[in-house]
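The structure appears right after this line, and notes come after that.
The values are calculated or read from the model by the stated rules, or taken from the named source; none is laboratory data. Because the structure is predicted, anything quoted here is derived from the model rather than measured. Positions of Cβ are generated from backbone atoms using ideal geometry, with glycine treated the same way; all protein chains shown enter the neighbour counts. Keep in mind that these areas ignore ligands, DNA and RNA; they rest on the heavy atoms of the full protein, side chains included. Shrake-Rupley method; radii C 1.70, N 1.55, O 1.52, S 1.80 Å.
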Protein chains: 2
Amino acid sequence: MSGTGRIRPVILSGGTGTRLWPLSRLGRPKQLIAIAGDETMLQATASRVADETLFAPPIVVAGEADAEAIEAQLAEVGMEAEALILEPAGRGTAPAIALAALAGGEDEVMLIMPSDHVIAEPAAFRSAVEAALPRAEEGWLVTFGISPERPETGYGYIRRGPALGAGAWRVSAFVEKPDAATAERYLAEGGYDWNAGLFLLRADAYLAALERYAPAVLAAAQGAAAGQRREGRRVLPDEAAFAAAPSVSIDVAVMEKADKVAVVPVEMGWSDVGSWEALHALGPADADGNVLTGDVVAPGSRGCLVRSDGPVVVAMGCEDMVVVATERAVLIVPRGQSQRVKEAIDALEARRRKD
Amino acid sequence: MSGTGRIRPVILSGGTGTRLWPLSRLGRPKQLIAIAGDETMLQATASRVADETLFAPPIVVAGEADAEAIEAQLAEVGMEAEALILEPAGRGTAPAIALAALAGGEDEVMLIMPSDHVIAEPAAFRSAVEAALPRAEEGWLVTFGISPERPETGYGYIRRGPALGAGAWRVSAFVEKPDAATAERYLAEGGYDWNAGLFLLRADAYLAALERYAPAVLAAAQGAAAGQRREGRRVLPDEAAFAAAPSVSIDVAVMEKADKVAVVPVEMGWSDVGSWEALHALGPADADGNVLTGDVVAPGSRGCLVRSDGPVVVAMGCEDMVVVATERAVLIVPRGQSQRVKEAIDALEARRRKD
C-alpha cells in the first residue's frame, strides 16, 4: 500500500433518477439537472473533491448518452475527468466500480461517490474521508454511514460492530430496508447508520474481494477493460465482455460478504434527493415554508415545493403540496404522497396503450 | 316591420376572456379555444343558429387578429358568415352592434349573442327566441334573462315589470352587480333574472334608440361604415371614424334608458364560463367529481378540474383543486379561489419588471 498517493474520486453517474418524475422526462438523469441549487448534482459532487492536495482527478463512470453533458458540466466547474468510462449498459455498481478499479493504479485509494446526492456540509464529509483514509490504506473496505435523523424505511441500514478507533467501527451487518416498527427500533437503540452508497477502498482490496465473492463480475470487468477503446479521456469498454457481468450492487457483491469492512459514521446534511419531499426538506424555504424554484409564484401557499423547468407556474392558496412543471409534464401531489407517483405514471401509460 | 324575414344572428367575438388564465396566454380569446366540449364556444354559438328556416347566415363582429381563425372554425361546422366585421379596436358592445345593424337590412330582427357562453339546452334557447320574436318585430328591445340558480354577485340583474304575455315582461330596471345580501334577497323575492348579454331587437329600433340615447355611438358607427372596405366576406370599418365611438356597452348606452324594453326569462343551462369553477360545474364529472380534459390523470383526486392543453398532467390525491396547464403556464388553485388569480398574475408581472 502506498500511503503517499492522492485519493482517486470515482463518480458513479449511471442512474436515471426515475423517482423524480417529471424531471426524468427531460431526457437527462437527475444528477445532470440543477435540482438542488444552481449547480447540477454532478457538479456539486465533483466540486467536493476538487482540492488537489487530497484528491487526484476523478474517474467518472456513466452511460454513453451522457458523455457530452458530463464533460461540459465538469468544464463549467473547472474540472476534467482523468477518465470518463462509458458503460455499454448499466449493470449496477459492482461492475462499474470494477471498471474504475482497473482503470487506475492498483494501490490507489478510491472514494466511490454517487453523483446524485446532496451533501450540505462538505467539510464534514472531508473530515470523514480523512478519518477513513488510514483504514482504507490498511485494506479495509470502508463505507460511510449516515447518522439517521428519522425512522426512514427507504434505506438499508448498517449495524456497527466493535469500534476500530478514530471514528471507525467494524461493520456487524448490512440490514435490509426495514419496516416502520423496525426503523423506529433502530433509531431508539442507536448503533445503526444509513447506507448511503459512499465508499473508500483500495483498488486492489476491492478487486481481491471481487475475486473471492463475485468472480463473474471481476472476469467480465477484466474482459471489458482488455478490449476497451480510448477516445481522448473517454474509455469505451468492450460491450460483449461487459454484457456478461451479473447486474449487482457493490453491497450485495462484496460489502455484505467481505471480512474487513468498516463504517465511518458522519453527519453532513446528506440527502439522496430520492423524493420531492427530500428536496423540500433541503430548502431553502421562504417565510411560509415554501421552496420555490424557477418561474413560479405561490401567493397564499404554505409548506409547498413549487418548481418549474419551463412554464410559468402560479400555485395559489395551496397547502403542503408538491408542484413540479416542465413543458412536457406537470405533477401535483400532496407532500408525503409523491412516492406514489409511479402508480399514476403506470395508469397514464396503461391508458395510452388502450388509446 | 317585415315579420317575414329570417332572424339575423349577430355573434360578438371581440372579448379576450382574461379571467381564464392561463388559457388566455395561448394567444386566442377563450371563445376560439375548445374549452367546454369538443367544439370551440364560437362554433357552438354558430351551430345554435344553423337552422336556415329560422335564421339567416350570421354577422360576426371580431378583432382583426382573429379573422382567419373565425373563418376556419365556422367552415369546420359547415357555416360561413354573411359578413365578418373586423373592429379596428374594441369599443364595447354598443358600437359593435351598431356596425352589425348598419350592415344588415334595416328591418331585420337581430339576435345578439356573445360567442363565449355555453348553453347546455339549445332547444330551450330557441323556444325563448321564438317567444321573443313577436315583441322584437313590434319594436321592443328584448333581452333574455337567465333564471338565477344561486345568489351570484358577478352578474347584473334585470327586474321584471308588468307581464307582456307569451313569456315576456316589460323591464322594470337593470340593476348593478349586487352584494351578497342583496343577491340573496333577489333570489328570495323572485322576479329577477341575470343579464346575460343576449338580445333580440330590430336593427332600425336599435339604431333609433342609439340616435336618441347615444348619438355619438351612432355617428361613429355610421362614419366607420361609410368609409369601410370589403375583402370578400370581411368588412373593415374606417379606423379613424370608429375610434371616435365612446367605449360603451349596449346596456349602458341603450337598454337601461330606452322605453320599450322587454325581458324573456329562460332556463337553458347557461354559463358564461367566466371562471374555472363555472367550467367545473358544467362537467361532465367522473364518479369522483373530477372534470378531466386533455392528457391528464387524477388518481385519488376528488372534486377537481384538471385540464391540459399541452403537457401530461398527473394530479394525484388532490381535493377540490383547479389545475390548468399549457406548455407556457400552469395554474394550481383551490376551487372557489380562482377569481383571485389576477392577484397572482399581477405579482408575477411585478416581479418580472423588478428582475
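Let me know the whole percent of all Cα-Cα pairs from segment A:1-129 that are separated by more than 17 Å. That fraction is 56 percent. Taking every residue in A:339-347 and counting other chain Cβ atoms within 10 Å of its Cβ, the average works out to 4. Computed over segment B:284-353, relative contact order equals 20 percent, with contacts defined as Cα pairs under 8 Å that lie 6+ residues apart. For A:G227, the amide hydrogen comes within under 5 Å of the amide hydrogens of A:D238, counting only partners 5 or more places away or on other chains and with H modelled in the peptide plane. Would you please classify the overall shape of segment B:309-355 from the alpha carbon gyration tensor, given that a ≥ b ≥ c denote the square roots of the eigenvalues, rounded means a/c under 1.5, and beyond that prolate means a/b larger than b/c while oblate covers the rest? Here segment B:309-355 falls in the oblate category. On the principal axes of its alpha carbon atoms, the protein assembly as shown extends 110, 52, 48 Å, with the longest extent given first. Stretching the chain fully between A:E231 and A:A123 yields a gain of 35.4 nm (0.36 nm per residue, less the alpha carbon separation).
Shielding of peptide A:323-331 by partners, expressed as the average count of other chain Cβ atoms within 10 Å per residue Cβ, is 6. The calculated FRET efficiency for the pair A:S147 and A:A350, based on their C-beta separation and a Förster distance of 41 Å, comes to about 0.50. When only alpha carbons are used to place a centre, segment A:297-355 and segment A:107-155 end up 33 Å from one another. Derived scalar couplings between HN and Hα for segment A:142-148 equal 9, 10, 8, x, 8, 4, x Hz in order, rounded to whole Hz, by the Karplus curve 6.51 cos²θ - 1.76 cosθ + 1.60 (θ = phi - 60°), x for Gly and Pro. Go through B:G145, A:L198, A:P122 and say which Cα lies farthest out towards the positive end of the charge dipole of the protein assembly as shown; charges sit on Cβ, +1 for Lys and Arg, -1 for Asp and Glu. Going by the Cα projections, it comes out as B:G145. Can you give me the angle between helix A:341-354 and the longest principal axis of chain A, using Cα atoms only, in degrees from 0 to 90, rounded to the nearest 10? It works out to around 80 degrees.
Heavy-atom accessible area with a 1.4 Å probe sorts B:K260, B:K177, largest first, into B:K177, B:K260.
Placing +1 on the Cβ of every Lys and Arg and -1 on the Cβ of every Asp and Glu, with nothing else charged, gives segment B:188-341 a dipole about its Cα centre of roughly 500 debye. Coupling constants for segment A:92-98 follow from the phi torsions by the Karplus curve (6.51 cos²θ - 1.76 cosθ + 1.60, θ = phi - 60°), and in residue order they are x, 7, 4, x, 4, 5, 5 Hz; glycine and proline get x. Remark: accessible surface ordering of B:E138, A:E176 (largest first) is A:E176, B:E138, probe radius 1.4 Å. Ordering B:285-293, A:153-161, B:304-312, B:83-91 by mean Cβ neighbour count within 10 Å, with the highest value first, yields B:304-312, B:83-91, A:153-161, B:285-293.
Computed over the alpha-carbon atoms, segment B:240-355 gives an Rg to Rh ratio of 1.14, Rh here being the Kirkwood radius from the mean inverse distance. Ranking A:K354, A:K257 from most to least accessible surface, computed with a 1.4 Å probe over the protein chains only, gives A:K354, A:K257. Model label points for B:L54 and B:A34, set 7 angstrom from Cα along the Cα-to-Cβ axis, are 2.6 nm apart. The chymotrypsin sites (Phe, Trp or Tyr not before Pro) of segment B:233-335 include none that DSSP puts in a loop with a beta carbon having at most 13 other beta carbons within 10 Å. One quarter of the surface of the convex hull around the alpha-carbon atoms of chain A equals 19.2 nm², the direction-averaged projected area.
Rounded to the nearest 20 debye, the dipole magnitude of the protein assembly as shown is 400 debye, with +1 charges on Lys and Arg beta carbons, -1 on Asp and Glu beta carbons, and the Cα centre as origin. How far apart, in nm, are the 7 Å Cα→Cβ label points at B:E239 and A:S47? The answer from the label model is 5.3 nm.
The value of relative contact order for chain A, using C-alpha pairs under 8 Å at least six residues apart, is 18 percent. In the context of the full set of protein chains, segment B:246-331 has a per residue accessible area of 32 Å² (1.4 Å probe). Given +1 at the Cβ of Lys and Arg, -1 at the Cβ of Asp and Glu and no other charges, the dipole of segment A:43-182 around its Cα centre is 840 debye to the nearest 20. Between the beta carbons of A:E68 and A:R328, assuming R0 = 25 Å, the FRET efficiency works out to 0.70 to the nearest 0.05. Comparing B:V324, B:W270, B:A75 along the charge dipole axis of chain B, the residue lying farthest to the positive side is B:V324, per the Cβ-charge model.
The helix-based estimate of mean residue ellipticity at 222 nm for the protein assembly as shown, built from -39,500 (n - 2.57) per DSSP H run of four or more residues and divided by its residue count, is -8500 deg cm²/dmol to the nearest 500.
Give the angle, between 0 and 90 degrees and rounded to the nearest 10, that separates the Cα long axis of helix B:180-189 from the longest principal axis of the Cα atoms of chain B. It is inclined by approximately 60 degrees. Counting only lysines at least 8 places from B:K342 when in the same chain, those with an alpha carbon closer than 28 Å to its own are B:K30, B:K177, B:K354.
For segment B:116-273, DSSP calls about 75 percent of its internal beta bridges antiparallel. Summary of packing: across the peptides A:324-337, A:182-195, the per-residue average of other C-beta atoms within 10 Å ranks them, highest first, as A:324-337, A:182-195. Stokes-Einstein diffusion for segment B:121-261, with the hydrodynamic radius set to the Kirkwood value over Cα pairs and evaluated at 20 °C in a medium of 1.002 mPa s, equals 128 µm²/s. Look at the stretch A:287-298: the mean tally of other chain Cβ atoms within 10 Å of its residues' Cβ atoms is 2.
Summary of packing: across the peptides B:68-76, B:313-321, B:43-51, the per-residue average of other C-beta atoms within 10 Å ranks them, highest first, as B:313-321, B:43-51, B:68-76.
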